[in-house]
Amino acid sequence: MSRVYAVANQKGGVGKTTTVINLGAYLAAEGKRILLVDTDPQANATSSLGIEKDSLRRSVYDAIIGDMPLENVLILTKRLGLDLIPAAPSLAGAEIELVSMLSREHRLRKALEPLRERYDYVLIDCPPSLGLLTINALTAADKVIIPIQCEYLPMEGLTQLLHSVELVRRNLNPSLGIKGLLMTMFDARTNLAQQVVDEVRKHFPNSTFRTVVPRSVRLSEAPSYGEPIVDYAPSSPGAVAYQALAREMSSDE
Ligand code: ATP
Ligand code: MG
């Protein structure tokens, strides 16, 4: 049975894309069939995999707005078992174009339907907003993964995000659940990082991943080489953490 997870947080730069790429690559390395869906007009997930976003003839835009079968947009990455639905800058217009479209919140879910059973996991990278692209991702998903940067106290933004998840559950996708909160960019040298982890664990004791992703410079270098961390620096601390996250995820289901 396939599982569809949206990786979402309206706050920018918290590790959404890094998580989608590296969790996806480690799950693929375990032999799982993985589809990554890039719904962010910045197309960082697409370029992190070495794909030149400006040279793409088709992107998720054509499926969400143009009714093109998602299968025609699919591309294979260098890593076996890791397929990608790329984004492109044109997707920026989709937020506006979607507003007047019929069943505007369900378009990604519908587009994914014929494809999802071919995969063990579908991971959707969301843009840093709670606009219609993120709503489409939440409507298409079974569960949400929420990366939280250990460098800022997250409660205010988190309350807003959980409220949106609740609204989507009530109105659009009744079975939507929270898969887990993932602490990222943890720096053991700062008190704040530990404070953030403690606060999140106190509020969400049963839905915070045990794995904590440390701040690791190799993780930030890998995208410019177009490689997931498993290929770029497999023994770095960031790599070890994302491998542990993949194990934690596949072992509890
Ligand atoms: P956006 O909201 O803009 O889409 P995002 O939530 O997807 O951002 P990322 O792009 O994954 O966040 O990460 C933001 C920046 O921090 C990137 O340059 C990334 O390489 C870097 N980064 C992410 N995780 C780590 C980490 N654990 N250690 C060091 N750098 C990291
Ligand atoms: Mg991103």
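Just the residues that are within 16 Å of ligand 2 (Cβ to nearest atom) and either surrounded by fewer than 16 Cβ atoms within 10 Å (Cβ to Cβ) or small (Gly, Ala, Ser) (or both), please, taken from the range 224-237.
First, pick out the residues of the range 224-237 that are within 16 Å of ligand 2 (Cβ to nearest atom): 224, 226, 228-229.
Residues satisfying the conditions are 224, 226.
Only residues that are farther than 18 Å from residue 81 by Cβ, surrounded by fewer than 20 Cβ atoms within 10 Å (Cβ to Cβ) and modelled with pLDDT of 95 or more: list them for the range 101-122, please.
Passing the criteria: 104, 105, 106, 109, 110, 113, 114.
Across the range 177-216, what is the total count of residues that are within 23 Å of residue 236 (Cβ to Cβ) and of a type in the set (Asp, Glu)?
1
Residue 188 passes all but one of (1) surrounded by 15 or more Cβ atoms within 10 Å (Cβ to Cβ); (2) away from ligand 1 (no atom under 11 Å from the Cβ); which number fails?
It is condition (1) that residue 188 fails.
Report, by residue number, each residue of the range 8-31 that is within 17 Å of residue 86 (Cα to Cα) and either more than 12 Å from ligand 1 (Cβ to nearest atom) or not aliphatic (A, V, I, L, M) (or both).
Scanning the range 8-31 gives 16, 17, 18, 19, 22, 24, 25.
Which residues, taken from the range 46-84, are modelled with pLDDT under 95, within 15 Å of residue 28 (Cβ to Cβ) and charged (D, E, K, R)?
Across the range 46-84, the qualifying residues are 78, 79.
Count, please, the residues in the range 138-153 that happen to be crowded, with 24+ Cβ neighbours inside 10 Å and under 16 Å from residue 116 (Cα atoms).
Summing the residues that are crowded, with 24+ Cβ neighbours inside 10 Å and under 16 Å from residue 116 (Cα atoms) in the range 138-153 gives 3.
Can you say whether residue 160 is within 11 Å of residue 9 (Cα to Cα), away from ligand 2 (no atom under 16 Å from the Cβ) and not in a loop (DSSP other than H, G, I, E, B), as far as the supplied structure shows?
Working: within 11 Å of residue 9 (Cα to Cα): yes; away from ligand 2 (no atom under 16 Å from the Cβ): yes; not in a loop (DSSP other than H, G, I, E, B): yes.
Answer is yes for this residue.
Pairs, please: C-beta under 8 Å, at least 6 apart or cross-chain, first residue within 18 Å of residue 162 (Cα to Cα) and in the range 179-194, second among the basic types (Lys, Arg) and more than 16 Å from ligand 2 (Cβ to nearest atom)?
Listed pairs, sorted by first residue: 179/143.
Within the range 123-137, which residues are among the polar types (S, T, N, Q), crowded, with 24+ Cβ neighbours inside 10 Å and within 12 Å of ligand 2 (Cβ to nearest atom)? Outline the logic, then answer.
Here is the first cut: in the range 123-137, the residues among the polar types (S, T, N, Q) are 129, 134, 136.
With crowded, with 24+ Cβ neighbours inside 10 Å added as a condition, the list becomes 134, 136.
134 - this is the single residue of the range 123-137 that is among the polar types (S, T, N, Q), crowded, with 24+ Cβ neighbours inside 10 Å and within 12 Å of ligand 2 (Cβ to nearest atom).
Checking residue 55 against (1) of a type in the set (Gly, Ala, Ser); (2) without any contact (Cβ under 8 Å) to a residue 24 or more places away in the chain; (3) over 17 Å from residue 226 (Cβ atoms), which single condition isn't satisfied?
Here residue 55 clears every test but (3).
The values are calculated or read from the model by the stated rules, or taken from the named source; none is laboratory data. Source: prediction; values computed, not measured. Quick reminder, even Gly has a Cβ in these numbers, built from the backbone with ideal geometry, and neighbours come from all protein chains shown.
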